[in-house]
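Since the structure comes first, as structure tokens, the remarks are kept for the end.
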Amino acid sequence: MIEVLAKLSRGPVFLAGEVLECVITFTNPLSASSTSASSEMLAWASAQIHCQFHASENRVALPPSDGSKHDVQAENETVFVPNRGERGQCILSTPPKILFCDLRLDPGESKSYSYCETLPVDGPPSFRGQSVKYVYKLTIGCQRVNSPIKLLRVPFRVLVLHGLKDYQFPQDEAVAPSNPFLEEEESLKKDSRLADLATELLMVATSRRSLHLYNISNTRGKVGTFCIFKTVYKIGEDVIGTFNFSEGDIPCLQFSVSLQTEESIQEEFQRRRGQPISFTVHARHQESCLHTAQSSFSLPIPLSSTPGFTTNIVSLKWRLHFEFVTSGESAGTCLVRGSQSEAVTWTGVEQMAVDTFSWDLPIKVLPTNPILASYVSQFSSTNSITI
């Protein structure tokens with residue numbers, strides 16, 4: 001029996017273009033003093049990153065693919081197939097790397113190997129929607145002598161920030177002498193610079209503030225104004241907006257604001273022509289606002305949500321969805337006098353004619369620092385298997 005433990009060094013969330021590092025430890029758990037203690041032999045072990053794509057048959061019409069025949073692998077084969085038994089299609093994979101061949105582990109002995117691979121920048125982000133799914137996994141395959149291949153899968157999340165792919169790092173070290181023995185250190189240094197660059201680009205893109213004012217009105221007149229200071233956010237930020245109903249001609253009885261994503265399939269892949277867009281609500285604020293001069297809302301963008309993106313099959317966009325309930329009468333008729341005595345009591349009317357209308361405001365949502373997103377990730381940094 002051999003225990004295989006895989007641990008992602010920096011957490012389960014990465015930016016496309018970063019280097020994923022995983023430490024894989026193979027252990028013979030038997031104690032040397034055990035009566036049944038014996039050495040264990042592994043023929044080989046290999047690791048590879050792949051992205052699985054799965055689409056809903058009711059919503060997405062995909063062209064036939066020949067890749068499905070590789071999802072099944074006979075137990076007596078010695079070929080490493082990382083996506084064996086996985087649903088969907090493998091749309092992206094890195095070259096497999098051999099960790100070792102012919103490893104002998106004495107009782108109580110363990111050996112560790114470091115796997116490093118740069119995540120492709122041209123792949124989609126991790127996404128679990130109503131129509132499609134993009135799932136990234138690091139698969140470690142190993143085989144004991146005269147035994148079937150066993151697979152250990154380590155799922156992780158990938159965020160994609162557009163603009164990193166074409167960025168050229170300044171050649172500030174061009175004058176320094178090159179050292180072929182520092183290749184790995186230079187790679188890790190570049191990876192750190194990539195993360196710093198991403199943080200800087202996100203900060204610049206989401207820190208710009210400018211006043212955006214919108215008049216809220218229906219067919220009968222002005223209801224009020226809406227104010228928001230920016231329309232570009234990172235996941236984890238709060239979307240804050242304010243309303244001013246004091247200058248409105250039509251009383252607003254109630255409003256609600258929903259933070260939504262709209263998932264649309266590209267026209268050539270739609271199962272039915274003109275099929276509806278899928279909406280997901282991530283946060284919602286509702287308030288009764290009759291005789292309210294000003295109001296505000298704050299909606300958090302979950303760190304676990306997917307920033308907006310577009311592939312050849314699906315598009316994900318963010319928006320604020322507003323719904324307003326207005327009175328069909330003037331503001332003065334919303335209250336009635338309860339009695340004619342000296343003490344006057346005002347009460348609300350029992351019935352009122354109302355109008356409802358909605359409005360959508362597109363916003364842009366970008367990724368955030370992957371270390372911050374790791375704190376709320378559903379994936380574990382450590383996975384294990386016994387073979």
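Miscellaneous remarks
- One Cα centroid belongs to the stretch 47-64, the other to the stretch 88-105; the line between them spans 21 Å.
- When the surface is traced with a 1.4 Å probe over the full set of protein chains, Lys111 keeps roughly 80 Å² accessible.
- Segment Gln294..Gln130, full-extension length gain: 55.3 nm, with 0.36 nm per residue of separation and the alpha-carbon distance subtracted.
- Model label sites at Arg284 and Glu267, defined 7 Å from Cα along the beta-carbon direction, differ in position by 3.3 nm.
- On the beta carbon distance between Ser112 and Ile371, with R0 = 30 Å, the FRET formula returns roughly 0.80.
- Accessible-area ranking of Tyr136, Tyr214, largest first, probe 1.4 Å: Tyr214, Tyr136
- Relative packing of 229-235, 151-157, which averages over residues the other C-beta atoms within 10 Å, highest first: 151-157, 229-235
- For the set Met352, Met203, solvent exposure ranked by accessible area (probe 1.4 Å, protein chains only) runs largest to smallest as Met203, Met352.
- Taking 0.36 nm per residue of sequence separation and removing the Cα-Cα distance, the Ser31/Phe100 pair yields an extension gain of 22.5 nm.
- With all protein chains in place and ligands, DNA and RNA left out, the 1.4 Å accessible area ranks Trp359, Trp318 as Trp359, Trp318, largest first.
The values are calculated or read from the model by the stated rules, or taken from the named source; none is laboratory data. This is a predicted model, so every value here is computed, not measured. For neighbour counting, all protein chains shown are included, and Cβ atoms are generated from backbone atoms with ideal geometry for every residue, glycine included. Surface accessibility is based on the protein's heavy atoms, side chains included, excluding ligands, DNA and RNA. Shrake-Rupley method; radii C 1.70, N 1.55, O 1.52, S 1.80 Å.
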